[in-house]
Amino acid sequence: MENSIELTAAAKQGSNPVKKFLRIRETGLILIILALFVAMSFASPYFLTWVNMRAMVMAFAVEGIVVVGMTILLISGGIDLSVGSVTALAMVIAGSLFLAGVDPWLASLVAIAACTGIGAFMGFFVTRIGLHHFIVSLAVMVIARGACLLFTGGRPLGLFSLPPEFKFIGQGSIGPVPLVIIVFLVVVLCFDFMLRRSTAFRKVFYTGSNEKAAAYSGIRTKRVIFLTTTLCSALCGIAGIIYMARFGSAQPTFGLGMELNVIAAAVIGGASLNGGSGTIFGAILGAALLSVVSSSLALLDVSVYWQDIIRGSILLTAVSIDHYLNKKRDAGGKA
Amino acid sequence: MENSIELTAAAKQGSNPVKKFLRIRETGLILIILALFVAMSFASPYFLTWVNMRAMVMAFAVEGIVVVGMTILLISGGIDLSVGSVTALAMVIAGSLFLAGVDPWLASLVAIAACTGIGAFMGFFVTRIGLHHFIVSLAVMVIARGACLLFTGGRPLGLFSLPPEFKFIGQGSIGPVPLVIIVFLVVVLCFDFMLRRSTAFRKVFYTGSNEKAAAYSGIRTKRVIFLTTTLCSALCGIAGIIYMARFGSAQPTFGLGMELNVIAAAVIGGASLNGGSGTIFGAILGAALLSVVSSSLALLDVSVYWQDIIRGSILLTAVSIDHYLNKKRDAGGKA
Amino acid sequence: QEGLHCASGETYIMNVMVSGHPYWVPVYQGFKQAAEAFGCTTVFSGTPDYDITKQIASFEQDMVKQPAGILVHPMQSDPFIEPINRAISDGTQVVTFAADSPKSNRSAYITSDNLAEAKFAAEEIVKQIGETGQYAVLENPGQSNHDLRVTALIDYMQQHYPGMELVGRQATNQDSTAAYRATASILQANPELGAIWIPEAGSAEGAVAAILEAKSDVLVMHADITPATLEHIKAGNIHMALNPNQGMQGFMGFMATFMAAHSEVFDPFNDYRTSGYNPVQIPFIDNGFAVITKDNADSFDLNTYMQGRDPA
Amino acid sequence: MHDDVILKISNVSKSFGPVRALRGVDFELRRGEIHALAGENGAGKSTLMNIIDGILQPDGGEILWEGQPVRIASPNAAQELGIGLVHQEIALCPDISVAENMFMAVTNRSRRFLMDVGSLKQRARAVLGQLCDIDPGAIVRDLPISHQQLVEIAKALTLDCKVLILDEPTAALTEREAQTLFGIMRRLSAQGISIIYISHRMVEIFDNCDRVSVFRDGQYITTAPISEITPSGVVNAMVGREIGTLYPPKQAADTRTEEVIFEVRNLTETTRFKDVSFALRRGEILGIAGLIGSGRSEIVKGICRLEGDVSGEVLLDGKPLQLRHYGDSIAAGLVYLSEDRKGDGLFLERSIAENVSALDLRHVSSAAGLIETDREIELARSLGAKLNLKYGRLSDPVSSLSGGNQQKVAIGKMLSVNPRLIFLDEPTRGVDVGAKSEIHRILRELASEGVGTVVISSELPELIGLCDRVLVVREGRIAGEVAGDRMTEENIMRLASGLEAAPQPTLNA
Ligand SMILES: Nc1ncnc2c1ncn2[C@@H]1O[C@H](COP(=O)(O)OP(=O)(O)OP(=O)(O)O)[C@@H](O)[C@H]1O
Ligand SMILES: Nc1ncnc2c1ncn2[C@@H]1O[C@H](COP(=O)(O)OP(=O)(O)OP(=O)(O)O)[C@@H](O)[C@H]1O
Ligand SMILES: [Mg+2]
Ligand SMILES: [Mg+2]
């Protein structure tokens, strides 16, 4: 039920800052993450160190770019199961071309273009043939994974010889802050802002909320869906290139199961699987929550046999609390 | 748009048998599978043998039971990502109890009861707390997998010592037909019939089609959703026990990725991810299609590196053709 | 105390991916047993996921604790170069096992010799079914050690036994249902099939089910072991399994890490002082493998082995 | 041809499979006129409007815009020409704010990169202000259906159009909002904007329009200036036959009894209504009137336990009912026809037959709980015939029916269970005159058979014509009651808006 306009409106109406904060959709998640931080900083002396923080952010920064694409796609009413394979395919294509002697920047552009093409391919099947995103992206997930295997013979590509200025994208830092984190933040902030404010992205909300109503208002909804589908794959391509630069290798099996993680992040952050609502900010908080929980369990040396149980339970609890807080907020706002 | 009434009604109106057949929702899928059969029987002399047919059915029979549960859940508007882990958990619980000296039949009952309990747990979170099926079942997927690891220490359980009459469930035959296939067919036929004809299951369609309108028709929609969620997990439990009897082992990592396969089968078979439509018959055809494609690729010894690409492409093509045929049928039926 | 011994609190970490996998269990037992002998503390760490990003995050979190050494199974070689080198320059010694990061500064690498396993399997197959015949393999593309076990066997057969024909090659990705389906189809297409080689045990379980159902007498050989395949070996359904010596892997892994952390006891005849690398450098340690047959199967029940032991 | 013709339709046809929705119709719209369009349910009015708005493409025929032949390929193209359409079915984005919904088309055409949220809300408030008091920041999902209808109208007013089409805009509005709307329409027409106005309410057509065109069965019948035709002439053209008196006779004096079949005592809900008490006598039709948002629907939904946390007593035939949820109500014979047929009245994607039987499947199933398709089809067929339902096949999805015919399916669903007491919330919303009087006749029959009948309607003439007694609700309380001679529009409006102290109800529980 949240959306940016409401948010801004609420924020403007709020008289004192605390009330303002409590009105924002994402407040519940922020509080939950803060609570985890407080608990963890008591539980482990290593938690609140710069190195640990950096490791935790690095663990989801690149995936966060995919989360952005998925959130926008979900808002428009779509879904994409192929994100993991398409990300891997970007690495594999760029890596193979580089090994074949192509300039790495050019190779990356080609790979991103290929991923964009895959997105357009999916968009075509969804908007022109009329198939459901789920089944199209499932098929493409399988095909793209197959293509990864085919291009590499199933073996990871070692790309140690990538030029340092290329590796800088994935491994470099500006001051103490890794470039990856900077890129991630820029992508997130740009898309968050545009999704709240730009006319182009508001159409994504309209389309996802009620495609027919949007079409009646003259919005070319098929084109919107085509574009969000393409954008999501393009962002996967970019993520794949950053991963490649970061790891100096291309792994054909990269990103297995990434789709569930990414969708979960968006949904925890308030995106609706029925389209029409969601925010980038929320989705990134969702990704952060998942990552912080995983990292914390690793840091505390919790037995692996317990980790999944705890992780799942925290996820369920967090989502329930968030849901409860939002219900209260909505009710409170009306009373 | 398919539904049982339309189907039966249409079938009654149709004057000649060919026309009748062409009016059924599943016709497209049947034709596609038949086409595959014809192509394969030319491509390989071993394809149309009884042994191969049996092996192909065996390859999806047990998963087919889960497909039944998923289809019903999808019709009611839900989804379940935890099917793979819950199936594995059934194996693990029953296996561990058996190794601890419990009678295997009793152990199996306890395991199925536990899975049913998990379904009820999910149903509770969905209907009472108000969370989305996707996120609840994702959390439970992680938790159940964790429980599998916890109960086994991550180690597969060897259950070779299961009594032969228990193993008979998974390995026995009645005449030339494996018991597994008989059980599968009974489950499929029962649920298909009930879904088409029984008042109880009709309410599932109403609920999934428009939950509010269903509530305004006096249907206790939350209870319906609670029950379909529970049923799906219970069927996973049964499938897990059959797998255990068949393989004589319990693997904590069993069923990874099963959820996508199962959902894909249901969707190929015409189930809507938005709820309100689907048939068991169609979903089983969907599962059969996926299985026949995989088996055929193996039979033809297609290169591993090409298999995924071919499989994904066939899936996409089949779904497109089916969609096209249905659109034509719908239009034709009206013309 | 004199001699090699851990200072109090001196910790060694074993870091893996898919940390719930049973393969690590005996490895960690070996690691721990060696550590106990030297009075050291051990931690089992890593990520439950098959996710390189998460494993690197967990490795970096291990580093925050400043352990004396980390025995790591790098999910991929190159991505670990930078983290491993950073750990070493921060004073934590790193040794790899079961998968390597050869371009990093890790001081040692302990592994099974997959080529030796493949060669042994090929010879055994030929010994059992003769020099001419048909065989098939199941595989798991993308997983390097499984890949090696399969491709090495195929290459070896081609070179030494041209009469052996590879008639089926299917990807099953450790999924017993997929293995069942693939094996059933291979059996259908190749009634003359003599043997099948499977690089891991999960697929072997499904393959055996298909072979039993088809009442075929194909010779099954596989690598690794699970309780179910063990029972099949005892029952004669599986001919034999080759199991890497996991305990030795962990034990030698600890030794190598510990020695790297205590390298002051060693002054080798080379340039380590001027070049600044750790004097305890071991490019490759083979932990060996065991051949599991009907006769010795009882010694390979992990559940029996683990009775009374702490997995953590 | 008239010089001032802005839009001319000639010989336009449109079929949906076997259904020929339009067969070579002609239509002509002059600049600045308010042109009414009348016709039975399923006559093809909405279909023609959808063609004019570019949502549907005609199978044949020609559209002339200002004398030039045009092809209107999409709603966008229609907007560029200057055509705005208020849909019969509400088409809003539920997750989005009122303001954004209103300016969706503007946003779409805008070349600006960023939204100007502030001015959007301001402009929204200005337009909404003419109609009612709705917060432009509110999320549409949270609005009651009548407010959504107003937003839908306001949305069309934001378009800078030359032709404004209103497809049954007043179906869910009360008199007051409707009058405001008519005021706006007249102002627009004075500015030279042409308006096509579709309605089944003759009074509205005759009070506000300049000309009227009539369609029947997808065919164009006639066009006439209002001054040259009478309401019964229009009805005659629509239906092809004379329709007698519009409303059935009221309860005959000699059958009147004091026997109370249903009673509500001190029904209270936390926020929406308080202390509601009333009784229903055998044989009478009870009406409930009130302004939009007065709580009429909430009270009735509360009685049936459809919504809200309700306390108070409900008695049927003198026996208190223990109702916990709506299923209990249905079992006891209490049914409720929703005012929002699309949102909660119907399963749009499921077949007509399945919709009709949904309320109680026991009527079409065997003892073993198996649905008997023949009986289900038969039930739908007989109720369809009774309500003059126009459909292709009973297995077609309800979404393929015209608005009024969908409403008939919803009513059929209520009648299928042989209720003891039936609450109808806007029962004839969007239903044509012929079918409307048929429904009224059925309701009268039900009442005289002893079925309790309670009708909520925003159309005062309907309440007055049909009911024997009318309760007026204001701000969640019963403000008063009128019956007999005192049942006039004026009295009801006065009670509804609180201009007069409530007269004591004649029959207090
Ligand atoms: N999408 C569709 N598919 C099939 N038939 C349709 C569709 N839309 C409309 N029809 C049919 O076309 C005919 C005309 O419908 P239309 O909606 O134009 O009627 P209408 O005059 O607006 O009626 P009402 O007064 O009830 O709104 C009806 O018989 C209807 O069933
Ligand atoms: N979903 C909802 N959320 C919040 N308030 C609501 C909701 N639905 C109705 N209301 C409020 O409840 C009150 C009663 O609404 P109700 O719909 O019962 O009015 P009504 O008299 O039936 O009028 P109409 O049906 O013509 O709108 C109004 O103040 C309305 O704003
Ligand atoms: Mg209409
Ligand atoms: Mg109302």
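Treating the beta-carbon of each Lys and Arg as +1 and of each Asp and Glu as -1, no other charges, what is the dipole magnitude of the protein assembly as shown about its Cα centre, to the nearest 20 debye? List each step's numbers first, then the result.
Numbers: 121 positive and 133 negative charges, 595 e Å.
The calculated dipole for the protein assembly as shown is roughly 2860 debye.
Between D:Phe27, D:Ala38, D:Ile184, whose Cα lies farthest towards the positive end of the dipole of chain D when Lys and Arg beta carbons carry +1 and Asp and Glu beta carbons carry -1, centred on the Cα centre? Sorting the options by dipole projection puts first D:Phe27.
Which parts of the range D:162-189 would a label at D:Ser497 reach, counting a residue when its backbone N lies under 15 Å from a point 7 Å out along Cα-to-Cβ? Taking a point 7 Å out along Cα→Cβ of D:Ser497, the residues of the range D:162-189 whose backbone N falls under 15 Å are D:174-183. Of A:Lys212/D:Lys390; B:Lys212/D:Lys14; B:Lys328/D:Lys413; A:Lys328/B:Lys212; A:Lys212/D:Lys413; B:Lys212/D:Lys250, which sit over 29 Å apart, Cα to Cα? Beyond 29 Å: B:Lys212/D:Lys14; B:Lys328/D:Lys413; B:Lys212/D:Lys250.
Counting only C-alpha contacts under 8 Å and six or more residues apart, can you give the relative contact order of chain D as a whole percent?
Numbers: 1047 pairs, mean separation 80.9, N = 509.
Answer for chain D is 16 percent.
3J(HN,Hα) couplings calculated from phi for the range C:189-204 with the Karplus curve 6.51 cos²θ - 1.76 cosθ + 1.60 (θ = phi - 60°) are, in sequence order, 6, 9, x, 8, 4, x, 8, 9, 10, 10, x, 8, 8, x, 5, 4 Hz; Gly and Pro show x. Taking a ≥ b ≥ c as the square roots of the eigenvalues of the alpha carbon gyration tensor, the range A:47-327 is oblate, as a/c is not under 1.5 and a/b does not beat b/c. A cut-off of 5 Å between modelled amide H atoms, ignoring neighbours fewer than 5 places along the same chain, links D:Ile55 with no other residue. Partner shielding of A:162-171 amounts to 1, given as the average count of beta-carbon atoms from other chains within 10 Å of each residue beta-carbon. Over the range D:167-229, Cα pairs under 8 Å with separation of 6+ residues give a relative contact order of 25 percent. For A:Lys167, which lysines qualify as cross-link partners when the Cα separation must be under 22 Å and same-chain residues fewer than eight apart are set aside? Correct list for A:Lys167: C:Lys54, C:Lys103.
If packing is taken as the mean number of other Cβ atoms within 10 Å per residue, what is the order of D:28-38, B:46-56, highest first?
Working: D:28-38: 22.1, B:46-56: 17.5.
Ranking, from highest mean packing down: D:28-38, B:46-56.
Per residue, the average separation of C-alpha pairs within less than 8 Å and at least 6 apart gives chain A a relative contact order of 32 percent. A Gaussian network model of chain A, with springs between Cα atoms under 10 Å, assigns the largest mean-square fluctuation among A:Ala215, A:Ala250, A:Ala318 to A:Ala215.
By DSSP, the beta bridges lying fully in the protein assembly as shown are antiparallel in about 45 percent of cases. Angle of helix D:433-448 to the longest C-alpha principal axis of chain D, folded into 0 to 90 degrees and rounded to 10: 0°. FRET efficiency for the pair C:Gln158 and A:Asp103, taken as 1/(1 + (r/R0)^6) with r the Cβ-Cβ distance and R0 = 45 Å, rounds to 0.75.
Can you compute the charge dipole magnitude of chain D about its Cα centre, using +1 on each Lys and Arg Cβ and -1 on each Asp and Glu Cβ, nothing else charged? Give it in debye, rounded to the nearest 20.
On the way: 57 positive and 69 negative charges, 91 e Å.
That gives chain D a dipole magnitude of about 440 debye.
Taking only the C-alpha atoms of the range A:51-146, the Rg (one decimal) and the largest Cα-Cα distance, Dmax (whole number), read 15.1, 49 Å.
Taking the convex hull of the alpha carbon positions in the range D:384-506 and averaging its projected area over all directions gives 8.7 nm². Coupling constants for the range D:83-97 follow from the phi torsions by the Karplus curve (6.51 cos²θ - 1.76 cosθ + 1.60, θ = phi - 60°), and in residue order they are 10, x, 10, 9, 6, 4, 8, 5, 10, 10, 8, x, 8, 10, 5 Hz; glycine and proline get x.
Within the range D:5-242, the proportion of C-alpha pairs whose separation exceeds 30 Å stands at 24%. Farthest toward the positive end of the dipole of the range B:47-327, out of B:Val186, B:Gly146, B:Phe121, is the Cα of B:Phe121, where the dipole comes from beta carbon charges about the Cα centre. The same position A:Ser198 in the other copies lies at 5.3 nm from this copy, comparing label points 7 Å beyond Cα toward the beta-carbon, shortest first.
Report for the range D:5-242 the percent antiparallel among DSSP-assigned beta bridges with both residues inside it, nearest 5.
Values: 23 of 41 bridges.
Given both bridge residues lie in the range D:5-242, the antiparallel proportion sits at roughly 55 percent.
Positive-end ranking of B:Thr229, B:Ala111, B:Pro176 along the dipole of the range B:47-327, with charges on Cβ about the Cα centre, is headed by B:Thr229.
If you split all Cα-Cα distances of the range C:115-163 into 10 Å bins from zero, what percentages do you get per bin, shortest first? Whole-percent P(r) values from 0 Å outward: 27, 56, 16, 1.
Spin-label model, D:Gln179 to A:Phe37: label points 7 Å out along the Cα-to-beta-carbon direction sit 5.9 nm apart.
Cross-link partners of A:Lys327 among lysines, defined as those whose alpha carbon lies under 18 angstrom from its own and excluding same-chain residues fewer than eight positions apart: A:Lys19, A:Lys20. Among B:265-272, D:129-136, the peptide with the highest mean count of other Cβ atoms within 10 Å heads the list, and the full ranking is B:265-272, D:129-136. Taking label points 7 Å from Cα along the Cα-to-Cβ direction, B:Leu189 and C:Asp90 give a separation of 6.5 nm.
Which value, in Å to one decimal place, does the Kirkwood hydrodynamic radius take for the range D:260-497 when every pair of different Cα atoms is included? List each step's numbers first, then the result.
On the way: mean 1/r = 0.0551 Å⁻¹.
Its Kirkwood hydrodynamic radius stands at 18.2 Å.
Dividing the C-alpha radius of gyration of chain D by 2.2 N^0.38 Å, with N its residue count, gives 0.99.
Here D:Arg20 and D:Lys386 are evaluated by their C-beta separation; at R0 = 22 Å the FRET efficiency comes out at 0.35. The radius of gyration of the Cα set in the protein assembly as shown, together with its Dmax, comes out at 35.8, 125 angstrom.
Once the Cα gyration tensor of the range D:145-294 is diagonalised, what are the square roots of 5 times its eigenvalues, in whole Å and ordered largest first, as equivalent ellipsoid semi-axes?
On the way: eigenvalues 267, 131, 25 Å².
After scaling each eigenvalue by five and taking roots: 37, 26, 11 Å.
Charged side chains reduced to their Cβ positions (Lys and Arg at +1, Asp and Glu at -1) give chain B a dipole of some 980 debye around its Cα centre. Projecting label points 7 angstrom from Cα along Cα→Cβ for D:Asp317 and D:Val70 puts them 6.3 nm apart.
For the pair D:Asp59 and D:Ser232, the difference between a 0.36 nm per residue extended length and the Cα-Cα distance amounts to 59.0 nm. Ligands, DNA and RNA are left out, and with a 1.4 angstrom probe the accessible area of the protein assembly as shown is 36 Å² per residue. The alpha carbon centroids of the range D:30-61 and the range C:84-133 are separated by 77 Å. Per-residue ellipticity at 222 nm computed for the protein assembly as shown from its helices equals -17000 deg cm²/dmol, with DSSP H segments shorter than 4 residues left out and the rest contributing -39,500 (n - 2.57). The share of C-alpha pairs in chain C whose separation exceeds 32 Å stands at 33 percent.
Between D:Arg441 and D:Asp328, what length in nm is gained on full extension when 0.36 nm per residue of separation is reduced by their alpha carbon distance? Numbers along the way, then the final one.
On the way: separation 113, 0.36 × 113 = 40.68 nm, distance 2.84 nm.
Additional length available on full extension: 37.8 nm.
The average projected area of the range D:49-143, computed from the convex hull of its Cα atoms over all directions, is 7.7 nm². Look at where the Cα atoms of the range A:290-326 and of the range C:269-303 average out, and the two centres are 37 Å apart.
Name the residue, out of C:Leu242, C:Leu115, C:Leu212, whose mean-square fluctuation peaks in a Gaussian network model built on chain C with Cα pairs under 10 Å. In the Gaussian network model the winner is C:Leu212. Placing a label point 7 Å from Cα along the Cα-to-Cβ axis, A:Ile129 is separated from the same position in the other copies by 3.8 nm, shortest listed first. Backbone phi angles across the range D:50-61, fed through the Karplus curve with coefficients 6.51, -1.76 and 1.60 (θ = phi - 60°), yield HN-Hα couplings of 5, 5, 5, 8, x, 6, 10, 9, x, 6, x, x Hz in residue order; Gly and Pro are listed as x. Its Kirkwood hydrodynamic radius, worked out from the mean inverse distance over all distinct Cα pairs, puts the range C:266-312 at 15.3 Å. Separation of the range A:140-214 and the range A:247-282 by C-alpha centroid, Å? Distance between centres, Cα-based: 11 Å. Inter-copy label distances for B:Ser173: 6.7 nm (label point placed 7 Å from Cα along Cα→Cβ; shortest first).
In what sequence, highest mean first, do C:76-83, D:223-230, C:286-293 appear when ranked by Cβ atoms within 10 angstrom?
Packing proxy ranking, top to bottom: C:76-83, C:286-293, D:223-230.
Heavy-atom accessible area for A:Trp306, with the other protein chains in place and a 1.4 Å probe, reaches approximately 120 Å². Beta bridges assigned by DSSP with both partners in the range D:260-497 are antiparallel in approximately 55 percent of cases.
Put simply, the amide H of D:Gly290, placed in the peptide plane, has neighbours under 5 Å in D:Val473, leaving out anything fewer than 5 places away on its chain.
The values are calculated or read from the model by the stated rules, or taken from the named source; none is laboratory data. Remember, predicted model here, so these are calculated numbers, not experimental data. All Cβ positions, even for glycine, are placed from backbone atoms using ideal geometry, and neighbour counts span all protein chains on display. Accessible surface is based on the protein model in full, side chains and every heavy atom, while ligands, DNA and RNA are left aside. Shrake-Rupley method; radii C 1.70, N 1.55, O 1.52, S 1.80 Å.
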